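Below: one structure, written as structure tokens.
The values are calculated or read from the model by the stated rules, or taken from the named source; none is laboratory data. These figures come from a predicted structure and were not determined experimentally. With ideal geometry, Cβ positions are generated from the backbone for all residues, glycine too; neighbour counts draw on all protein chains shown. Surface accessibility is based on the protein's heavy atoms, side chains included, excluding ligands, DNA and RNA. Shrake-Rupley method; radii C 1.70, N 1.55, O 1.52, S 1.80 Å.
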Amino acid sequence: MKLLKIMAAGAILAGGIALTGCNDLEQPPSNQYNDSNFWTKKNIDKLVMTAYTQMYSAGNMWGDEELGDNLYNGYRAEDRHFIRRGTANSSTGTFGWNGWYGGLRSCHTFLDNCVAVDDVDPDLVLRLKAEARCIRDMIYFRLSNFYGAIPFFMENPSLDYASTLSRTPREEVIKTITADLEELIPDLPKKEDLPAAENGRLTQAAAAMLRARIALMDSDWAAVASWTKRIMDGEFGHYELFPTYDGLFAEENEYNNEVILDMGYVGGVKTWGEITNMKPPSLRTNYITWTPTQSLVDSYLTLSGYTIDENGTDFDPANPYDNRDPRMDATIIRDKSELYDPVTGLTHTIYIRAASGVSVDNVGKGAGLDRTVTGYYTRKWFSPIKDNQSYASGLNIIMMRYADVLLMYAEAMNELGQMNSTVWDQTIGAIRKRAGFTAEKALKMPSGDLRQIIRNERRVELALEGLRWWDIKRWKAGKEYLDGPVRGCTYVGGDAVLDTYVFDENRDYLWAIPQSEIDFNPNLKPQNPGWGN
């Protein structure tokens, strides 16, 4: 369905609830919702919850991650893989925005009608309106960063207006949603004011972190520093680093004090299935899609605080996984990793090197879809349903967490020329200490290239959380990270080159406007640079 139809159609769907119109001469059907009986307290909350599901998902996170250099898709026949290889065009399926505009329509439908509900506490309506506005701002932020100038409106357009829609410059979109966010924050609760049954709903801190991320994308360092410091100072609620890195991603620790916003899933009820195609096949046979790259593995420091290219005495090329940043093994499964399988109650040793003599988890270039092509599998987010049938996950997807606040603050202070040992200890030092570092070189502020050190710290701390592409985009570092050979481990065979990515600096920081949308509405021209007419 085209954008115009999505935004201007007369019927909406909200969690399976259909609304039908009526006029003064007909009795509203008793077995259907319609404009005269839908707007009740129960149903307006359902509509807002529908907007939550349209805001983000596990699929969005993994798709975003594939756009960067942390994961490689061995399946290859996938749109984001074509984007990274430089073979996508304006008709590529991923260049479609209908789902996002469907989310905007849910938000606007609620905002246009919530005032008509008589049996709802006005304070609750105010809060739900703030949630819908924040979801709308988050969707617009995502759209404007993918496409640049986009169709933009703050209420559902009429059919006549929708047919004339053109694209609003990104700068105007950002200016509008920034002002909207700053205005709505006081109408949201702090985390401490939410009952447990409402965990996962938007809070003041989540909106403030979105405001910081907007500033981050535009390198507005003063605003980044200001908003992240306000979060750190507890203005929007209390947050802190979870004691352990791997425990942060365990189901039993969901909604802990590091999590600022997550997307809720429930085992056996609402799950996400991408992990079933990312685990070692010895746990359950399936085809393998995304696997971590050698580039990601190489980005982890040694325990003494050196990169693997420096002269640290604790790195042994013959045993490259020994004495490394503990976050590596919490994120990546490699040869001889120990992995507990809650389905069987057994601990598996994962053998990947061909010389290990166990073939089921082996790596191989061009070996098909039943094994990793990079030599690695994914550990982070591994939390399967314990039903001995499925590896679909009920683990919440963390969208925002406190460690990222610290990393944003550190980057901003460094770019402002205000980084010092106090800021370092409060941010990078604290994150590394939580990770398990004890060596002074790893914990103390270094004298080297702090910009690259902070950027690498973001990569390893936030790996496989859907943020790497957005960092590369805002750094304008596509040529540095996304142009050239993609490598797996050395025991893949040969030089371990799996593929070649192509990045066009004049094209690839923006997606193409979907050609189907331009065909439907020529007012969306001109096409983004490098993507044709």
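For this structure, a couple of remarks:
- Sole residue being on the phi > 0 side of the Ramachandran plot and modelled with pLDDT under 95, chosen from 494, 484: 494
- Qualifying residue in the stretch 250-263 (condition: part of a helix (DSSP H, G or I) and among the charged types (D, E, K, R)): yes
- Residue-level analysis places residue 323 outside the set of residues that are over 20 Å from residue 246 (Cβ atoms) and either open to solvent by less than 20 Å² (accessible area, probe 1.4 Å) or not aliphatic (A, V, I, L, M) (or both).
- Which listed residue, of 99, 86, 59, 93, is out of contact with any Leu (no Cβ under 9 Å at 6 or more places or on another chain) and under 16 Å from residue 135 (Cα atoms): 99
- The set of residues from the stretch 490-533 being touching a Pro at 6+ places or on another chain (Cβ under 9 Å), in a loop (DSSP other than H, G, I, E, B) and charged (D, E, K, R) comprises 495, 507.
- Those helices (runs of 4 or more DSSP H) lying entirely in the stretch 428-489 with at least 2 residues closer than 30 Å to residue 243 by Cβ: 430-435, 440-443, 450-461, 468-475
- Here the stretch 40-91 is the region considered, the condition is being among the β-branched types (Val, Ile, Thr) and open to solvent by less than 30 Å² (accessible area, probe 1.4 Å), and the residue that is modelled with the highest pLDDT is 83.
To keep it simple, each residue is scored yes or no on (1) within 22 Å of residue 266 (Cβ to Cβ); (2) in contact (Cβ under 8 Å) with a residue 60 or more places away in the chain; (3) not hydrophobic (A, V, I, L, M, F, W, C).
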| position | (1), (2), (3) |
| --- | --- |
| 51 | yes, yes, no |
| 59 | yes, yes, yes |
| 64 | no, yes, yes |
| 70 | no, yes, yes |
| 77 | no, no, no |
| 96 | no, yes, yes |
| 106 | yes, yes, yes |
| 123 | no, no, yes |
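- Among the conditions (1) within 30 Å of residue 288 (Cβ to Cβ); (2) within 18 Å of the chain's Cα centre (by Cα); (3) of a type outside the set (Gly, Ala, Ser), residue 92 misses just one, which is (2).
- Spans of strands (runs of 3 or more DSSP E) in the stretch 310-403 with at least 3 residues modelled with pLDDT under 90 and more than 29 Å from the chain's Cα centre (by Cα): 346-350
- Of all residues in the stretch 161-189, those that are open to solvent by less than 40 Å² (accessible area, probe 1.4 Å), among the hydroxyl-bearing types (Ser, Thr, Tyr) and touching a residue at least 60 places away in the same chain (Cβ under 8 Å) total 0.
- Selected residue (only one of 164, 203 is modelled with pLDDT of 95 or more and not basic (Lys, Arg)): 203
- Residue 292 in contact (Cβ under 8 Å) with a residue 12 or more places away in the chain, open to solvent by less than 10 Å² (accessible area, probe 1.4 Å), over 23 Å from residue 56 (Cα atoms) and not polar (S, T, N, Q): no
- Test: residue 239 is part of a loop (DSSP other than H, G, I, E, B), aromatic (Phe, Trp, Tyr) and touching a Gly at 6+ places or on another chain (Cβ under 9 Å): no
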